[in-house]
Amino acid sequence: MYETQTYELILKRMLDRVDADLDKREGSIIYDALSPAAAELAQAYVALEINLKLSSTQTSSSEYLEFRTSDYGVTRKAATKARRKALFFGQNDTPLEVALGSRFSIERVNYQTTERTSTGHYILECEVAGSIGNQNFGALLPIDYISGLVRAELADILIPGVDTESDDDLRQRYLLRVRQPATSGNAAQYRQWATEVSGVGDAKVFPLWSGPGTVKLAIVDTEKQPASTTLVDEVGDYLETVRPVGAAVTVVSATAKGINVSAVVVLASGYAIQAVSDAFSVSLEAYLQEMAFTSTYVSYAKVGTLLLNTLGVIDYTSLTVNGGSANVALADEEIPVLGTVGLGV
């Protein structure tokens, strides 16, 4: 709005107001007197432009975006700690009991046992909040001595650790709140309730799925992958505390539908097929995450566009998606996930 209010334009307007019979050339007394004022006014217009953008949810950021969203009860989600499954073994791979609070490390990330699920099987919580707790799998090293321990293994992600909510994600939740008002236990409110639980990336609501008074929710985690049993239980427990009286709520994980892509590509000079395949897999996975609960199919044409836009690809032939050359339909509770990518030359 104020981008045209430059130093030069402001100074010209000021000089135009001075009588023509006075010396207004650069270096004159009047010019030198007005020039600093014009510069300050130009900076003021820059600040006005910034403040105007910060006042709108669409263009705001950081704490200024939070000021806007908090008026509607939407606050930024804090980072949360990953909860993981761990297995402990003694001699001859015998499951081993360990004390709660025992600490272990893998790749400089520390975890602590918080709950025993069965003999030798425990739930660990990462000591650092954020997605860093989701990244490693495999052998754990004990920080403190544990009698009889031969092997410890970090396994499944039960509830993924989540980084502090980004501006874009906060903005989307705010827009969802104001554009789809949640009230009286409608579908929008159930989706809102589900996404308030840490670790939930999105939810799809099925009202009256099994008759009057019944509601079903399918959920995904923050990576837009099927939710773990632990996360499903947490969402179910939370909904029991907020649902309307008399509603029967069922929470399930979304079902993964693997998307397998193969094609023959023509590579630009200097590119290796493995590097191109890896780059295409990244863009394809991002597209599939966007499609979770937002589309009823995976577009064959879109997959082809992603492949053609991959750096190093000049052209392609024989493209198949799940063995065919058509869109791949998704059932109500299905989400697309990356399967196999087979590119040849």
Relative to a virtual label point 7 Å from the Cα of Ser283 in the Cα→beta-carbon direction, which members of region 292-334 show backbone nitrogen distances below 17 Å?
-> 299-321
Order of Ile314, Ile219, Ile106 - criterion: other Cβ atoms within 10 Å of each residue's Cβ, fewest first = Ile314, Ile106, Ile219
Euclidean distance between Cα centres, region 264-292 to region 112-132, Å = 35 Å
Against the longest principal axis of the chain, how steep is helix 273-291, in degrees 0 to 90 to the nearest 10, with axes from Cα atoms?
-> 90 degrees
In whole Å, how far is the Cα centre of region 174-205 from that of region 10-62?
-> 46 Å
Taking the chain, how many lysine pairs are there with alpha carbons less than 30 Å apart, if each pair must be eight or more places apart or span two chains?
-> 25
Label region 73-174 by shape, choosing from rounded, prolate and oblate, from the square roots a ≥ b ≥ c of the eigenvalues of the Cα gyration tensor; if a/c is under 1.5 it is rounded, and otherwise prolate applies when a/b is larger than b/c, oblate when it is not.
-> prolate
Degrees, to the nearest 10: 229-242 long Cα axis against longest axis of the chain = 70 degrees
Longest exposed-loop-site-free stretch of the chain, with trypsin sites (Lys or Arg not before Pro), DSSP loop and at most 11 other Cβ within 10 Å?
-> 109-345
At what distance in nm do the modelled label points of Tyr145 and Val264 sit from each other, each positioned 7 Å from its Cα along Cα→Cβ?
-> 6.5 nm
Can you list the equivalent-ellipsoid semi-axes of the chain, largest first and in whole Å, using the square root of 5 times each Cα gyration tensor eigenvalue?
-> 50, 30, 27
Only helical DSSP H runs with n ≥ 4 go in: add -39500 (n - 2.57) per run for the chain, normalise by residue count and round the 222 nm mean residue ellipticity to 500 deg cm²/dmol.
-> -10000 deg cm²/dmol
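Just so you know, all these numbers are worked out from the coordinates, no wet-lab data involved. All values derive from a computational prediction rather than experimental measurement. Here Cβ is always computed from backbone atoms with ideal geometry, including for glycine, and neighbour counts include all displayed protein chains.
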